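The values are calculated or read from the model by the stated rules, or taken from the named source; none is laboratory data. Since the model is a prediction, treat every value here as computed from it, not as a measurement. Here Cβ is always computed from backbone atoms with ideal geometry, including for glycine, and neighbour counts include all displayed protein chains.
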Amino acid sequence: MTGAGDILFRPLTLPCGAVLKNRLVKSAMSDSLGDGRGDPGPGQTALYARWATGGVAAAIVGEVQGDPSTAEKPGNLVLSARSNTAALRALTAAGTAQDTHLWAQLGHAGAMAHPPISRPRGPSALDLPGLTCAEMTVAEIEALPATLAATAIRARDAGFTGVQIHAAHGFLLSQFLSPLFNRRTDAWGGSLDNRMRLLRAVIAAVRAAVGPAFPVALKLNATDQLDGGFAEAEALDVIAALDGAGLDLIDISGGTYFPGAASASDRVSSGPYFLDFARRARARTTVPLMLNGGVKTRADAIAALETGAVDVVGLARALILAPDLPETWRRDGRDAAFPRFTAPPEGGITAWYTMEMTALAEGRPGVSPDDLPAAVTAYAARDRAREALWRIRFGG
Ligand SMILES: Cc1cc2nc3c(=O)[nH]c(=O)nc-3n(C[C@H](O)[C@H](O)[C@H](O)COP(=O)(O)O)c2cc1C
């Protein structure tokens with residue numbers, strides 16, 4: 001199929017020189033397919049093979065940890081000297097088939113680290129219903145850039161072709177940016193300059209570690225969507241301040257995964273959520289921009305790219321529903337069919353999509369979208385089973 005859709009399939013050369021073969025990227029998702037010991041689990045390789053052959057330019061593995069005490073879930077990958085190199089190599093070989101990029105999202109879940117296996121920590125202590133964390137010490141903060149840089153090197157050595165620094169959705173680096181969660185009075189809190197000090201240090205350390213020719217992307221919130229949180233004016237200032245910091249792509253998202261808060265993957269409205277923001281961001285940076293959230297149809301993707309504001313479109317849920325969507329869009333333009341959920345329980349939609357990834361990985365049908373409680377139960381039961389494996393592997 002040719003015509004307006006051609007814009008989806010033009011290659012993009014990133015500032016580091018790497019080439020994305022088209023403009024469609026599988027957004028970072030915590031696929032919960034690790035084996036509970038921080039290594040790739042059965043099926044994970046098959047899922048990334050599926051996305052690679054389905055035609056995405058890049059797929060980003062969500063929440064890859066360097067330190068097991070910062071994990072978001074017991075299904076996260078942990079890159080360490082003890083990693084199962086053969087399994088990681090199989091994953092990256094499958095995920096990079098057909099010139100597809102496979103990037104690791106460098107995670108630190110901060111206050112949202114999974115309490116049974118991790119140590120929730122944030123810029124400031126929190127004691128909220130369902131969310132408590134300790135305040136990070138200065139030594140812990142100062143150690144983080146080197147930890148994430150070492151994780152980036154391990155990712156590169158394992159065959160990942162790029163990394164993404166996660167500073168969105170209420171995880172650690174976005175907590176540092178947010179005046180609501182960062183109440184520090186030292187050099188790491190207060191002014192925006194201070195709140196972004198850690199992010200700058202992480203970007204500098206990761207870039208120095210991987211060298212100039214390896215893709216380093218950033219996922220950033222346009223807004224936390226919380227009163228008193230990180231808001232659009234500051235997000236634009238961060239984007240402007242990071243021009244020249246060595247980034248290859250800024251992936252624009254928004255919202256938080258705090259209990260009760262609005263998260264991008266639970267939203268049901270259609271049409272890109274952050275396109276207006278991206279237009280304003282375009283005026284403040286020369287770094288390529290990726291638009292994330294709410295892109296559901298081929299027409300949405302084309303319209304976003306045609307604004308000239310964004311260079312790449314990110315797709316998360318659509319690529320669970322239709323892992324070969326780029327190839328389909330190239331062939332006949334058919335869109336993914338999104339389920340309608342009635343009265344979803346909190347976290348139910350994310351649980352359902354997560355279990356759909358498992359079903360895809362295992363090549364079997366998933367849970368009915370009419371039965372979100374079943375998805376939530378299966379998701380929670382699997383996490384509980386993996387917590388035991390995680391403790392054996394990593395202690396705690
Ligand atoms: C099951 C699931 C897991 C996700 N995990 C992550 C993650 O680990 N890191 C991240 O940055 N975003 C994560 N997201 C958010 C997506 O990357 C994306 O920002 C969001 O789903 C909106 O995009 P969409 O409208 O295309 O789904 C996740 C989304 C889903 C559905």
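Which of the numbered conditions does Gln175 fail, given that it passes all the others? Conditions: (1) within 16 Å of the ligand (Cβ to nearest atom); (2) part of a helix (DSSP H, G or I); (3) more than 23 Å from Gly254 (Cα to Cα).
Status for Gln175: all satisfied but (3).
Can you name the residue in the range 318-330 that is closer than 18 Å to Val367 by Cβ and in contact with an Asp or Glu (Cβ under 9 Å, 6 or more places away or on another chain) and, of all such residues, is nearest to the ligand (Cβ to nearest atom)?
Checking each candidate, the answer is Ile320.
Could you say whether any residue in the range 141-149 is outside any loop (DSSP other than H, G, I, E, B), touching a residue at least 40 places away in the same chain (Cβ under 8 Å), under 19 Å from the mean Cα position of the chain (by Cα) and closer than 22 Å to Leu289 by Cα?
No, there is no match, as no residue in the range 141-149 is outside any loop (DSSP other than H, G, I, E, B), touching a residue at least 40 places away in the same chain (Cβ under 8 Å), under 19 Å from the mean Cα position of the chain (by Cα) and closer than 22 Å to Leu289 by Cα.
Which residue pairs have Cβ atoms closer than 7 Å, lie 6 or more positions apart in sequence or on different chains, and pair a first residue in the range 76-87 that is at negative phi and touching a residue at least 24 places away in the same chain (Cβ under 8 Å) with a second residue that is part of a loop (DSSP other than H, G, I, E, B) and among the polar types (S, T, N, Q)?
What qualifies is Asn76/Ser30.
Using beta carbons and a limit of 6 Å, which pairs, at least six apart or on different chains, have the first residue in the range 266-285 and modelled with pLDDT under 95 and the second one away from the ligand (no atom under 14 Å from the Cβ) and in a loop (DSSP other than H, G, I, E, B)?
That search, which allows pairs on different chains as well, returns nothing.
Taking the options Gly363, Gly333, Gly308, name whichever one is more than 15 Å from the ligand (Cβ to nearest atom), over 23 Å from the mean Cα position of the chain (by Cα) and without any contact (Cβ under 8 Å) to a residue 40 or more places away in the chain.
The unique qualifying residue is Gly308.
Considering only the range 186-225, how many residues are of a type outside the set (Lys, Arg) and outside any loop (DSSP other than H, G, I, E, B)?
The number of residues fulfilling the criteria is 19.
Name the residues in the range 188-204 that are buried (at least 19 other Cβ atoms within 10 Å of the Cβ) and in contact with a helix residue (DSSP H, G or I) (Cβ under 8 Å, 6 or more places away or on another chain), would you?
Once the filter is applied, which keeps residues that are buried (at least 19 other Cβ atoms within 10 Å of the Cβ) and in contact with a helix residue (DSSP H, G or I) (Cβ under 8 Å, 6 or more places away or on another chain), the range 188-204 yields Trp188, Arg195, Met196, Leu198, Leu199, Val202.
Would you check if Gly366 is surrounded by 15 or more Cβ atoms within 10 Å (Cβ to Cβ), at pLDDT below 95 and either in contact with a Ser or Thr (Cβ under 6 Å, 6 or more places away or on another chain) or within 26 Å of Gly34 (Cα to Cα) (or both)?
The answer is yes for Gly366.
Please pick out the residue among Arg119, Arg156 that is touching a strand residue (DSSP E or B) at 6+ places or on another chain (Cβ under 9 Å), not in a loop (DSSP other than H, G, I, E, B) and not hydrophobic (A, V, I, L, M, F, W, C).
Arg156
When you go through Thr223, Thr185, Thr161 one by one, which is the residue that is within 16 Å of the ligand (Cβ to nearest atom) and surrounded by fewer than 23 Cβ atoms within 10 Å (Cβ to Cβ)?
Just one listed residue meets the conditions, Thr223.
When you scan the range 341-355, do you find a residue that is part of a strand (DSSP E or B), within 13 Å of the ligand (Cβ to nearest atom) and under 25 Å from Ala168 (Cα atoms), even just one?
no
Could you say which residue among Leu128, Leu79 is under 30 Å from Pro259 (Cα atoms), more than 16 Å from the ligand (Cβ to nearest atom) and aliphatic (A, V, I, L, M)?
Residue meeting the stated conditions: Leu128.
Have a look at Glu72, Glu63 and point out the one that is out of contact with any helix residue (DSSP H, G or I) (no Cβ under 9 Å at 6 or more places or on another chain) and either assigned to a strand (DSSP E or B) or in contact (Cβ under 8 Å) with a residue 40 or more places away in the chain (or both).
Glu63
Restricting attention to the range 207-215, does a residue exist that is among the basic types (Lys, Arg), surrounded by fewer than 18 Cβ atoms within 10 Å (Cβ to Cβ) and more than 15 Å from the ligand (Cβ to nearest atom)?
Taking every residue of the range 207-215 in turn, none turns out to be among the basic types (Lys, Arg), surrounded by fewer than 18 Cβ atoms within 10 Å (Cβ to Cβ) and more than 15 Å from the ligand (Cβ to nearest atom).
So which residues in the range 1-34 are within 16 Å of the ligand (Cβ to nearest atom) and either surrounded by fewer than 21 Cβ atoms within 10 Å (Cβ to Cβ) or under 21 Å from Ala303 (Cα atoms) (or both)?
Correct list: Leu8, Arg23, Leu24, Val25, Lys26, Ser27.
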